[in-house]
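Novice: Structure below; questions to follow.
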Amino acid sequence: MKKEIPILIGFFATIGWYLEFFFAGTFFENWKMFFTTGFRSVAIVGLLVGVVNVLRVNYSRIKYNNDRWYSIYQMSIIFLMVILASLRGVSPGTPFDAMYTFGFIPLDATVFSLLAFYVASASYRSFKIKSIESAFLLVAAILIMLSKMPLGEAMWSKIPAIGEWIMDGPTSAGKRAILFGAYLGGLTMMIRIAFGLEKSHLSD
Amino acid sequence: MEKLVDILKKLDRRWIFLLIFLSCIIPFWFPTLFKQEFSTSKETQRVYDIIESLNEGDAVFIDWAFNPTLQAELLPMTEQTIKQCFDNKLRVFIYYPDLTAISLGENLVANIIKEEKYSKMEKGVDYIHLGYLPISIDMMIFSMYSDFKSTFGKEGKIFKGIKTFNDIKYMISFAGSAHPEYYLLLQRRFGFRMGAGVTAVTGPDFIPYLQTGQLDGLLFGLKGAAEYENLRLKNLNVSGDQFKKEKKLNQKANAGMASLTLSHLIMFVFIGIGNLIYFYEKKYKKSN
């Protein structure tokens, strides 16, 4: 019964959501509100599980001296943010906001900006014309990049139009093909889950 | 020649990092390093025109789905959208599907209302932060179409006349991922008007939706943000000192354009050198 009941719930939920697209009425309004509230409850419980997990992992690291100082630092910051938010709120001008603005924002932006350096280094070493296909890729990439900066238009007024054509034509066609494939895959997966053929979500 | 090729081949990547760093930093001191004139794309123009066409008091829903990692590209365009809404006396609802984005949004709006022009904008009347909901976007859309106000559990005069999401005249999603697609999945069913502001990397993913008409407009990367800034400035109908003041306040994306250009040029040079080494070696190996 551990498997059968979740499969039955999945089956009726799928049928319900599918019918909802075709029928209106109080039943389906209540159905939607039931699931919306249910999702909120599940997400909040999920958040609590996440917090407990972080505490457990870091507690064992501190206890067994496995990168202890990193864990102590992480835990201190988590508790500090929670305490600051509880004491003075989170609106602009509060200590929590100061930590966010002067700590989180620069750190978060810095980590992401590292990508630019790695992209530059990687393109130097691997963006090479080894075949006709890679030649097309390189030319298209350079044209798109030029069309997305003022210099491209200053060099030749047709560059933005060429960039737009590449995006609207070949890129868009490729993207549509991928989208169709992905959504057909999604539909197949939905049918498999609804009929209990796919059980990976039940840790099977 | 062989020695040079060998040096370039074994070039320490820290030199590349240094050059990219300098190419990003230097243009901020020399913003006029490159010609900064560029035309406005039709996607940007469409977003601007739609917001401009709305009537006073109409509601605009902003979906703020980016955190500080993407603020260089997305913050300037979000700022201009909010300012344009305020200019046209539209009611602005800002929703955050990402918990780490809330303070970023609150700070931006707090900074906007510090400007003399927007100092009379009131929270709960002219704009509201709807916060974060721990539910998926499709669930949220269904809920908003049942009861907009109770979905977010917020109060304020701003909700007057807004019963469901049908009463929202335009929505725009700012994201650096496929996030706006969650709205687009239900856009055809409910028929809400929608635009998006995305990073240059994710921009191509949304072109098919522009072609089908599901998206009304698209702000595409830093250039899209700069185009939007220029459009707003051009249509502000101010001159002299007032124009200079407005320009100073609304040029964040334009300020980054020179940096974007120089760093891309450096990348082109490196890609070119990489290919020259590759072809030289190929020829050299063949002849031996």
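The values are calculated or read from the model by the stated rules, or taken from the named source; none is laboratory data. Bear in mind that the values here come from a model prediction, so they are computed numbers and not experimental data. Positions of Cβ are generated from backbone atoms using ideal geometry, with glycine treated the same way; all protein chains shown enter the neighbour counts. The area values use the complete protein model at the heavy-atom level, side chains included, leaving out ligands, DNA and RNA. Shrake-Rupley method; radii C 1.70, N 1.55, O 1.52, S 1.80 Å.
Novice: Name the residues of region B:254-288, by number, that are at least 40 Å² less accessible with every protein chain in place than in the isolated chain; the surface is that of heavy atoms, probe 1.4 Å, without ligands or nucleic acids.
Specialist: Going by heavy-atom accessible area, the residues of region B:254-288 that drop by at least 40 Å² are B:THR261, B:HIS264, B:MET267, B:PHE268, B:ILE271, B:ASN275, B:TYR278.
Novice: What value does the protein assembly as shown have for Rg/Rh, both radii from Cα atoms and Rh as Kirkwood defines it?
Specialist: Here Rg/Rh amounts to 0.99.
Novice: Given the protein chains as shown and a 1.4 Å probe, how many square angstrom of B:ILE128 are accessible, to the nearest 10?
Specialist: 10 Å²
Novice: First measure r as the distance between the Cβ atoms of A:ALA140 and A:TYR183, then evaluate 1/(1 + (r/R0)^6) with R0 = 25 Å and state the FRET efficiency to the nearest 0.05.
Specialist: Taking R0 as 25 Å, the efficiency between A:ALA140 and A:TYR183 is 0.45.
Novice: Sort B:ASP216, B:ASP87 by heavy-atom solvent-accessible area, probe 1.4 angstrom, most to least.
Specialist: B:ASP87, B:ASP216
Novice: Quick one: 3J(HN,Hα) in Hz for region B:162-167, Karplus 6.51/-1.76/1.60 with θ = phi - 60°, rounded, Gly and Pro as x.
Specialist: 9, 8, 10, 5, 4, 7
Novice: Mind listing, in residue-number order, the residues in region B:200-224 that have at least 10 Å² less accessible area with every protein chain present than in their own chain alone (1.4 Å probe)?
Specialist: Relative to the lone chain, where solvent access is computed with a 1.4 Å probe, region B:200-224 loses at least 10 Å² at B:PRO204, B:ASP205, B:ILE207, B:PRO208, B:TYR209, B:GLN211, B:THR212, B:PHE220, B:LYS223.
Novice: Which pairs, out of B:LYS89/B:LYS154; A:LYS2/A:LYS63; A:LYS130/A:LYS158; B:LYS10/B:LYS283; A:LYS148/B:LYS114; B:LYS35/B:LYS244, put more than 26 Å between their alpha-carbon atoms?
Specialist: Where the Cα-Cα span goes over 26 Å, the pairs concerned are A:LYS2/A:LYS63; A:LYS130/A:LYS158; A:LYS148/B:LYS114.
Novice: Please compute the modelled spin-label separation between B:PHE279 and B:LYS89, points set 7 Å along Cα→Cβ, answer in nm with one decimal.
Specialist: Once both label points are built, they end up 6.3 nm from each other.
Novice: Percent of Cα-Cα pairs per 5 Å bin, from 0 to the last occupied bin, for region B:154-232, please list those.
Specialist: 3, 14, 23, 20, 16, 13, 9, 2
Novice: In square nanometres, what is the average projected area of the Cα convex hull of region A:1-66?
Specialist: Over all viewing directions, region A:1-66 projects a mean Cα-hull area of 6.7 nm².
Novice: Right, here's the next one. Kirkwood hydrodynamic radius for region B:236-288: how many Å is it when counted over pairs of different Cα atoms?
Specialist: Values: mean 1/r = 0.0673 Å⁻¹.
Final number for the Kirkwood radius of region B:236-288 is 14.9 Å.
Novice: With the full set of protein chains in place, find how many percent of the accessible area of chain B is carbon and sulfur; take the probe as 1.4 Å.
Specialist: 56 percent
Novice: Longest exposed-loop-site-free stretch of chain B, with GluC sites (Glu not before Pro), DSSP loop and at most 15 other Cβ within 10 Å?
Specialist: Longest gap between qualifying sites, sites excluded: B:156-288.
Novice: Separate question: Quick one: if you stick a label point 7 Å off each Cα along the C-beta vector at B:ARG189 and B:LYS157, how many nm between them?
Specialist: The answer from the label model is 3.6 nm.
Novice: Measuring from label point to label point, each 7 Å out along Cα→Cβ, what is the A:LEU80 to A:VAL42 span in nm?
Specialist: 3.7 nm
Novice: Now for a different question. Based on the Cα coordinates of region A:129-204, what is the per residue volume of their convex hull in Å³?
Specialist: About 154 Å³ per residue, rounded to a whole number.
Novice: While we're on this one: Taking the Cα centre of region B:42-250 as origin, work out the dipole magnitude from +1 charges on Lys and Arg Cβ and -1 charges on Asp and Glu Cβ, in debye rounded to 20.
Specialist: 400 debye
Novice: A further question on this structure: Can you give me the Cα centroid spacing of region A:1-42 and region B:206-235 in angstrom?
Specialist: Cα centres, region A:1-42 to region B:206-235: 38 Å.
Novice: Placing unit charges on C-beta atoms (Lys and Arg positive, Asp and Glu negative, everything else neutral), compute the dipole magnitude of region A:163-204 about its Cα centre in debye, rounded to 20.
Specialist: 120 debye
Novice: For the protein assembly as shown, report the accessible area per residue in Å² (1.4 Å probe, heavy atoms, rounded to an integer).
Specialist: I get 55 Å² per residue for this part.
Novice: Right, something else. Can you show me the helix-derived [θ] at 222 nm for chain B, built from DSSP H runs with n ≥ 4 at -39,500 (n - 2.57) apiece and divided by the number of residues, rounded to the nearest 500.
Specialist: -17000 deg cm²/dmol
Novice: Can you pull the mean other chain C-beta count within 10 Å for peptide A:148-158?
Specialist: Partner-chain Cβ atoms within 10 Å, mean over residues of A:148-158: 6.
Novice: Can you say what percent of the DSSP beta bridges in region B:42-250, counting only those with both residues inside, are antiparallel? Round to 5.
Specialist: Given both bridge residues lie in region B:42-250, the antiparallel proportion sits at roughly 0 percent.
Novice: Same structure again: Under the Kirkwood approximation applied to all pairs of distinct alpha-carbon atoms, what is the hydrodynamic radius of region B:42-250 in Å? Could you put the intermediate results ahead of the total?
Specialist: Details: mean 1/r = 0.0584 Å⁻¹.
Kirkwood hydrodynamic radius for region B:42-250: 17.1 Å.
Novice: Take peptide A:115-122, look around each residue's Cβ out to 10 angstrom, count Cβ atoms belonging to other protein chains, and average those counts.
Specialist: Mean number of neighbouring Cβ atoms from other chains: 6.
Novice: A further question on this structure: Tell me, what is the 1.4 Å probe accessible area of B:TRP15, in Å² to the nearest 10?
Specialist: Spelled out: B:TRP15, probe radius 1.4 Å, area about 150 Å².
Novice: For q values of 0.15, 0.21, 0.24, 0.27 Å⁻¹, compute log₁₀ I(q)/I(0) with the Debye formula on a Cα-only model of region B:33-104, without solvent.
Specialist: -0.61, -1.00, -1.13, -1.23
Novice: How much accessible area is lost when chains A and B come together, counting both sides, with a 1.4 Å probe, in Å² rounded to the nearest 100?
Specialist: That pair of chains buries around 5400 Å² in total.
Novice: I'd like the carbon and sulfur percentage of the solvent accessible area for chain A, probe radius 1.4 Å, heavy atoms only, ligands and nucleic acids excluded.
Specialist: Answer for chain A: carbon and sulfur cover 74 percent of the accessible area.
Novice: Something else now. Mind telling me which of B:ILE158, B:ILE112, B:ILE20 comes out most flexible in a GNM of chain B, alpha-carbon contacts under 10 Å?
Specialist: B:ILE20
Novice: May I ask for the Kirkwood hydrodynamic radius of region A:1-110, worked out over all distinct Cα pairs and given in angstroms to one decimal?
Specialist: 18.3 Å
Novice: As an exercise, use a Förster radius of 30 Å and the Cβ-Cβ distance of A:ASN66 and A:LYS2 to find the FRET efficiency, rounded to the nearest 0.05. Working shown, then result.
Specialist: Working: r = 35 Å, r/R0 = 1.16.
Rounded to the nearest 0.05, the efficiency is 0.30.
Novice: Taking chain A as the region of interest, what is the percent of Cα-Cα pairs per 5 angstrom bin, listed from the shortest bin to the one with the maximum distance?
Specialist: P(r) for chain A, in whole percents per bin: 1, 5, 6, 7, 9, 10, 9, 9, 15, 16, 9, 3, 1, 0.
Novice: Relative contact order for chain B using alpha-carbon pairs under 8 Å, separation at least 6, rounded to a whole percent?
Specialist: Values: 389 pairs, mean separation 74.3, N = 288.
Relative contact order here is 26 percent.
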